[in-house]
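Each remark here refers to the structure printed beneath this line.
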Amino acid sequence: MILRRIPWVGAAALVAVLGGALWHLSPAGAVSAQMAESDSLFAVRFLAGVRGASPLACDMIVRSLGSGWGWWGLNRAPDAVPDHEDVLRWATHPSSDPSVIAPLRAGLEDSDACVRRTSARLLGRTRHPRAVEVLLEALASRSARTRQLAAVGLGYAEDGSAVDPLLRSLVDDVTSVRVAAAWALGEIEDARAVGPLTRLLRGDPDPGVRRAAALALGSMF
């Protein structure tokens, strides 16, 4: 389910948006060659690059994460900036390196909306047990924004241990959290969610939530 992303158009958006911001973060002198290759540094550089993206540009970015389509199959976009190639390749291919968890966890609470959104998705995409724990902790946050992002991240993780917490989130007071939880359950595709999603489809007062429940159920069959 994770790999259903837009093709190379999204990848081009990544190159365009990240161009200037990643340039000044290229490791030079102050960073050792070994650290320049680390996933944790790639995570830091990527989050710095998406900072300040407009909502539309950020939508393009998050839809591109993990796609593996288009120009990424050739390893290089024709208009790519060479210094950014390693970071972009890292961002669009799954990484299970636990070193990325700390910077991405901090990114969940960042002041920038696009940093928060990409952090949640990248955390889930690691599929690492510790990353799932971080997202489950965030799902219990007092902040509705954080709960919503955590649900999205758990959908990317597709981990069965998140099913019961996400089922509880289907009755969250905040509509956006219920929508995200329904989507995540559809991505995980666990039979335990069928009954609760059906009840959500039939009884939630918000049409957006009912639509999310219907789409989630549709993805499970």
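In contact with a helix residue (DSSP H, G or I) (Cβ under 7 Å, 6 or more places away or on another chain), among the aliphatic types (A, V, I, L, M) and closer than 25 Å to MET60 by Cα: which single residue out of LEU154, LEU201 fits that description? Walk me through how you get there before you give the answer.
Details: LEU201 fails: closer than 25 Å to MET60 by Cα.
Of LEU154, LEU201, the one residue that is in contact with a helix residue (DSSP H, G or I) (Cβ under 7 Å, 6 or more places away or on another chain), among the aliphatic types (A, V, I, L, M) and closer than 25 Å to MET60 by Cα is LEU154.
Tell me which residues, restricted to the range 200-221, are loosely packed, with under 13 Cβ neighbours inside 10 Å and either part of a helix (DSSP H, G or I) or touching a Cys at 6+ places or on another chain (Cβ under 7 Å) (or both).
Filtering the range 200-221 down to residues loosely packed, with under 13 Cβ neighbours inside 10 Å leaves 202-203, 205, 207, 218, 221.
Those that are loosely packed, with under 13 Cβ neighbours inside 10 Å and either part of a helix (DSSP H, G or I) or touching a Cys at 6+ places or on another chain (Cβ under 7 Å) (or both): ARG202, GLY203, PRO207, GLY218.
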Hey, among ARG125, ARG130, which residue is surrounded by 19 or more Cβ atoms within 10 Å (Cβ to Cβ) and within 20 Å of PRO94 (Cβ to Cβ)?
ARG125
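Out of the range 182-210, which residues are touching an Asp or Glu at 6+ places or on another chain (Cβ under 7 Å) and in contact (Cβ under 8 Å) with a residue 24 or more places away in the chain?
Going through the range 182-210, the residues touching an Asp or Glu at 6+ places or on another chain (Cβ under 7 Å) turn out to be 187-188, 210.
Within the range 182-210, GLU187, ILE188 meet the criteria.
Among the residues of the range 137-157, which ones are among the hydrophobic types (A, V, I, L, M, F, W, C) and buried (at least 19 other Cβ atoms within 10 Å of the Cβ)?
Going residue by residue through the range 137-157, those that are among the hydrophobic types (A, V, I, L, M, F, W, C) are 138-140, 144, 149-152, 154, 157.
Within the range 137-157, ALA138, LEU139, LEU149, ALA150, ALA151, VAL152, LEU154, ALA157 qualify.
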Odd one out for ALA140 among (1) out of contact with any Leu (no Cβ under 7 Å at 6 or more places or on another chain); (2) over 22 Å from ALA106 (Cβ atoms):
(2)
When you go through ARG147, ARG142 one by one, which is the residue that is closer than 30 Å to VAL44 by Cα and part of a loop (DSSP other than H, G, I, E, B)?
ARG142
Within the range 33-59, residues at pLDDT 90 or above and touching a Pro at 6+ places or on another chain (Cβ under 8 Å) come out as SER40, LEU41, ALA43, VAL44, LEU47
Among the residues of the range 201-218, is there at least one that is within 22 Å of PRO94 (Cα to Cα), within 18 Å of the chain's Cα centre (by Cα) and small (Gly, Ala, Ser)?
no
When every residue in the range 142-178 that is under 16 Å from MET220 (Cα atoms) and of a type outside the set (Gly, Ala, Ser) is compared, the one farthest from the chain's Cα centre (by Cα) is LEU167
Enumeration of residues in the range 110-132 that are more than 14 Å from the chain's Cα centre (by Cα) and within 15 Å of LEU47 (Cα to Cα)
ASP110, SER111, ASP112
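The values are calculated or read from the model by the stated rules, or taken from the named source; none is laboratory data. Quick caveat, the model's predicted, so the values are computed rather than measured. For neighbour counting, all protein chains shown are included, and Cβ atoms are generated from backbone atoms with ideal geometry for every residue, glycine included.
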